[in-house]
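What follows is a single structure, written as structure tokens, with notes after it.
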Amino acid sequence: MQLIEEIRSQEQQIAEWRRDIHAHPELAFEEIRTSQLVADKLESFGINVHRGLGKTGVVGTLSAGSGTRSIALRADMDALPIRELNGFPHRSVNEGKMHACGHDGHTAMLLGAARYLAANRNFDGTVQFIFQPAEEGYGGALAMIEDGLFEQFPVEAVYGMHNWPGLPAGQFAVRSGTMMAAADMFDIRVRGKGSHAAMPHQGVDPVLVGAHIITALQSLASRATDPADSVVVSVTRVRGGDAYNVISDEATLKGTVRTLLSGTRDRIEQQMAELVRQVALAFGAAGETHYKRGYPPTINAPAETEIAATAAATVVSGENVLRDLPPCMGAEDFSFMLERKPGCYIWIGNGPGQGGCVLHNPHYDFNDEILSIGASYWVRLVEQSLAARPSSRKTEKDRGGEV
């Protein structure tokens, strides 16, 4: 492993930043303390800082040399509404809020890379350090974009990174094309006819109809989709009625749909609405679907994927950069940035994930041993993407002693 020695020697301080952020988690668009910490650190490194983009987002701008090319590196800052069950000293002090997805580590790694790049400036061009709010379901990336992110800070490519429990520390995984799924939500309303629970024949039971709809929805993945494609349809909330002896008038179903292909996404939306309507009709009820599109699929551009994989290989060696992992049906709002700019999203191994150390688990904690790996990757990505041009100035030796 070829870590940058200067970064490796500062790993303990980077870990302290990470643990401080972990202990003070903030939810979507509430990252006041975190964004202040980030902005203060960037300014102390000599980096120009813009605050308040996308409400609580921060962008740091660093230029070197005379080049006009520019790339962006992105880290997310928000936490989750989870009650932390860890007992270590840096556990959350904000009850009901927790960094259970490693955004504390993402932020710390990018800060570590920013400090090194500001001190050494071994590149030719401009780096935009994007610290984004509200990744966890609230579309902070889109908020920053709509606030003028790429107009105010133009770049030719954008890169993101996420820790990946289950992937060994010291490895990366990346693929060209679809890396993660689109994430959509649905609300289904079933309207029946209320009656006494002991006399169901006098009404139309919307809960029974909803149960049949739940079963039928699985056919969208198992029978209506090419087996070589991937679709997930999950009903996660069911509500109907308020009493033991009353059949209600209505029942509601809520859930999520995950797809990898845009054509499949369009088809599932249309077929779901028709399936719900027809199944409800068969029971004498009415069914309607409200389908809400969320994050688009995360799609890596081929050229930028090669750049990212090469940079990762310079840190951990080529055999530790996995290129054949299947796409994940999870979603990521970095996808909005990839819709506007070519780029690449890469996974960095966080270790085995034992003892509940998996994403969105109340026992999760970021692995501090990979902080210098991730920061070194960011630096090598910048240095290779914006390679410094050889100096055109001749030394006295080059000029044969001429003055």
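Only the coordinates and a few stated rules stand behind these numbers; no lab work does. Predicted, not measured: the structure shown is a model, and the values here were computed from it. All Cβ positions, glycine included, derive from the backbone under ideal geometry; neighbour counts span all protein chains shown.
Holding the Cα-Cα limit at 27 Å, pick out from Lys97/Lys341; Lys292/Lys341; Lys41/Lys292 the pairs that are longer than that.
Working: Lys97/Lys341 32 Å; Lys292/Lys341 24 Å; Lys41/Lys292 38 Å.
Violating the 27 Å Cα-Cα cut-off are Lys97/Lys341; Lys41/Lys292.
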Amide H within-cut-off set for Gly294, under 5 Å, with H built and near neighbours excluded: Ala183, Asp184, Met185
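Mind listing which chymotrypsin sites (Phe, Trp or Tyr not before Pro) in the stretch 158-258 are in a DSSP loop and have 15 or fewer other Cβ atoms within 10 Å?
Numbers: sites: Tyr159, Phe172, Phe186, Tyr244; in loops: Tyr244.
Here the chymotrypsin sites (Phe, Trp or Tyr not before Pro) that fit, given the DSSP loop and packing criteria, are Tyr244.
Tally Lys and Arg at +1 and Asp and Glu at -1 over the other residues with C-beta under 11 Å from the C-beta of Arg191: what net charge comes out? The partial results should precede the final answer.
Working: positive: Arg189, Lys193; negative: Asp249, Glu250, Glu288.
Combined, the nearby Lys, Arg, Asp and Glu give -1.
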Under 15 Å from the Cα of Lys254 - aspartates and glutamates, other chains or at least 8 residues apart: Asp184, Asp187, Glu269, Glu288
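Count neighbours as other Cβ atoms within 10 Å of each site's Cβ, and list the trypsin sites (Lys or Arg not before Pro) in the stretch 266-329 that are DSSP loop with at most 13 such neighbours.
Numbers: sites: Arg267, Arg277, Lys292, Arg293, Arg323; in loops: Arg323.
Here the trypsin sites (Lys or Arg not before Pro) that fit, given the DSSP loop and packing criteria, are Arg323.
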Footprinting exposure proxy for Asp333, Asp229, Asp184 (fewest neighbouring C-beta atoms within 10 Å first): Asp229, Asp184, Asp333
Calculated log₁₀ intensity ratio I(q)/I(0) where the Debye formula runs over C-alpha points of the stretch 182-295, q = 0.16, 0.24 Å⁻¹: -0.69, -1.27
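Could you please report the charge total around Phe150, scoring K, R as +1 and D, E as -1 over all other residues with beta-carbon less than 14 angstrom from its beta-carbon? All intermediate terms of the calculation are to be shown ahead of the outcome.
Numbers: positive: Arg74, Arg340, Lys341; negative: Glu146, Asp147, Glu151, Glu156, Glu339.
For residues surrounding Phe150, the net value is -2.
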Among (1) 47, 23, 19; (2) 42, 20, 19; (3) 41, 26, 19, the entry that matches semi-axes √(5λ) of the Cα gyration tensor in Å as calculated here: (1)
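Just add up the charged neighbours of Arg223: K/R +1, D/E -1, any other residue whose Cβ is under 15 Å from the Cβ of Arg223. Could you put the intermediate results ahead of the total?
Working: positive: Arg267; negative: Asp226, Asp229, Glu274.
Counting the neighbours of Arg223, the net charge comes to -2.
Using r as the Cβ-Cβ distance of Asn245 and Ala282, and R0 as 25 Å, what FRET efficiency do you calculate, to the nearest 0.05?
0.45
Treat the count of other C-beta atoms within 10 Å as a stand-in for reagent exposure and order Ile82, Ile247, Ile299 from fewest to most. Could you put the intermediate results ahead of the total?
Working: Ile82 18, Ile247 24, Ile299 21.
Exposure proxy ranking, most exposed first: Ile82, Ile299, Ile247.
Efficiency by 1/(1 + (r/R0)^6): what FRET value for Ser66 and Leu325, r their Cβ-Cβ distance, R0 = 25 Å, to the nearest 0.05? It would help to have the intermediate numbers written out before the result.
Details: r = 40 Å, r/R0 = 1.58.
Efficiency, from the Cβ-Cβ distance: 0.05.
Translational D (Stokes-Einstein, µm²/s) of the stretch 282-387 at 25 °C and 0.890 mPa s when Rh comes from the Kirkwood sum over C-alpha pairs?
Numbers: Rh = 16.7 Å.
In µm²/s, the coefficient rounds to 147.
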